[in-house]
1. Starting from the range 139-164, keep only residues that are touching a residue at least 12 places away in the same chain (Cβ under 8 Å) and within 15 Å of residue 195 (Cα to Cα), then list their pairs with residues that are in a strand (DSSP E or B) and within 16 Å of the ligand (Cβ to nearest atom) whose Cβ atoms are within a distance under 6 Å, requiring at least 6 positions of separation or different chains.
2. Got at least one residue in the range 145-156 being closer than 25 Å to residue 269 by Cα, within 16 Å of the ligand (Cβ to nearest atom) and surrounded by 14 or more Cβ atoms within 10 Å (Cβ to Cβ)?
3. From the list 113, 146, which one is touching a helix residue (DSSP H, G or I) at 6+ places or on another chain (Cβ under 7 Å) and at pLDDT 85 or above?
4. Looking at (1) assigned to a helix (DSSP H, G or I); (2) farther than 30 Å from residue 52 by Cβ, find the lone condition where residue 115 falls short.
5. When the residues of the range 124-140 are narrowed to those that are out of contact with any helix residue (DSSP H, G or I) (no Cβ under 9 Å at 6 or more places or on another chain) and within 16 Å of the ligand (Cβ to nearest atom), which ends up nearest to residue 261 (Cα to Cα)?
6. Check off (1) assigned to a strand (DSSP E or B); (2) more than 19 Å from the chain's Cα centre (by Cα) for residue 125 and give me the number that stays unchecked.
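The values are calculated or read from the model by the stated rules, or taken from the named source; none is laboratory data. Everything quoted here is computed from the prediction, not taken from an experiment. Here the Cβ positions follow ideal geometry from the backbone for every residue, glycine too, while neighbour counts run over all protein chains shown.
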Ligand SMILES: [Cu+2]
């Protein structure tokens, strides 16, 4: 005689798990649609392109996320424990091939879409008339050097580096090209003019990061790394943008930051003159 299985299973656990998945998915969806924690508005054309790419990726992966979580919730409830013997399944080869191919097409497709924006900053150099600013990271500060009226950066000599003595970059006083170089702890750029940053490091790897530019680039000892951007929006005088170090670079990493303003051309020229006068 066959013994009757005393266990008929329970819908409670399956129901709770399915509800959890449903609430979790809807909450995630709400946070993203409401943009509860979001980035500041970009101030460059490149930044807007990056955001478009981000949204494209987010929408595609968001649809996949919602469908797969809801599917999971449904399967958890539909195939709950009913006190029966579980069936063994080998899976479905066609489905495996299909979703692997779909993932491949999506990823490669998104990569092709993004290639232009990426190449614009990383492969194409700045145009010849761009304003050059040399950015030096060191534990735990940023310094910005402007070439001055002669448009030429003076020679640097590492043996002359003396931050407390007012020469944080080691400018060689005997090089005439360096006489008018301006070294300041904050950065300013003119609006609607291309700026080329030449990134250096004096000690370890740091990372130059400005959220509003959507730019993040490591500074590496022994290398000059160039990136460029054109800011299209003046920043309010009392609200400069934060430049953060985005690379864990030592004990003082948390306080390695500076600020950066976008000004009209006239304000920028005045700022340069004021800084030069203050540095005398
Ligand atoms: Cu750093």
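1. Here the result reads 144/135; 144/187, each pair linking the range 139-164 to a residue that is in a strand (DSSP E or B) and within 16 Å of the ligand (Cβ to nearest atom).
2. no
3. Numbers: 113 fails: at pLDDT 85 or above.
So the residue among 113, 146 that is touching a helix residue (DSSP H, G or I) at 6+ places or on another chain (Cβ under 7 Å) and at pLDDT 85 or above is 146.
4. The failed condition is (2).
5. The residue in question is 135.
6. (1)
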